[in-house]
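The values are calculated or read from the model by the stated rules, or taken from the named source; none is laboratory data. Please read these numbers as outputs of a predicted model, since none were measured by experiment. As a convention, Cβ positions derive from the backbone with ideal geometry for all residues, glycine included, and neighbour counts pool all protein chains shown. All accessible areas refer to the heavy atoms of the entire protein, side chains included, with ligands and DNA or RNA removed. Shrake-Rupley method; radii C 1.70, N 1.55, O 1.52, S 1.80 Å.
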Amino acid sequence: MEHHPAAVRLTEAAASAVQQHGAGNLLRIVLIVMVLGCVLTAWFLLRGYKRKDD
């Protein structure tokens, strides 16, 4: 079994999605991943402000 870097696998998956379903579904996938990334980043950054100063 060959070792493929994550970038190569991601590129192959994106190319496969474009060939099977067109560019519209690829755009949806990119937007969903972007929104999820923003939500996780906001959660990570804002969780530090939840400290209680008693």
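Applying a threshold of 7 Å to beta carbon distances and a minimum spacing of six or more residues, or different chains, the list of pairs starting in segment 23-50 at a residue that is without any contact (Cβ under 8 Å) to a residue 12 or more places away in the chain and ending at one that is part of a helix (DSSP H, G or I) and among the small types (Gly, Ala, Ser) reads Asn25/Ala17.
Is segment 36-53 home to any residue that is open to solvent by 90 Å² or more (accessible area, probe 1.4 Å), of a type in the set (Val, Ile, Thr) and either modelled with pLDDT under 75 or part of a helix (DSSP H, G or I) (or both)? Within segment 36-53, not a single residue is open to solvent by 90 Å² or more (accessible area, probe 1.4 Å), of a type in the set (Val, Ile, Thr) and either modelled with pLDDT under 75 or part of a helix (DSSP H, G or I) (or both).
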